[in-house]
């Protein structure tokens, strides 16, 4: 496992608020360090409009001194989104290829390589 990627095993729910102050619940999948910044990969814990159930969204984490909670900012730069997700995929790929690995479009394709 890559030291720049922390996989979150527990199913703790993180509640974020949209621009209308509506709460949205997410599971934290992983935290990725990329170019000196921390990014959270979050997956919806409930149905959220415009986000698929199996989709992850990427937020930049801003840690605040003296504060209990961190701040999460959506990442809109597609190049950063892709780079952070690639770091995550690289760190989670293993020799057994039990998930989607580099060069595969699906777990089934990975299974075919074994």
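The values are calculated or read from the model by the stated rules, or taken from the named source; none is laboratory data. Owing to the predicted nature of the structure, the values given are computational and were not obtained by experimental measurement. Every residue, glycine among them, receives a Cβ derived from its backbone with ideal geometry; neighbour counts consider all protein chains shown.
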Looking only at the stretch 52-72, which residues are crowded, with 16+ Cβ neighbours inside 10 Å and free of Cβ contacts under 8 Å to residues at least 24 places away in the same chain?
60
Taking into account only those residues within the stretch 1-21 that are touching a helix residue (DSSP H, G or I) at 6+ places or on another chain (Cβ under 7 Å), surrounded by 10 or more Cβ atoms within 10 Å (Cβ to Cβ) and part of a loop (DSSP other than H, G, I, E, B), which is modelled with the highest pLDDT?
4
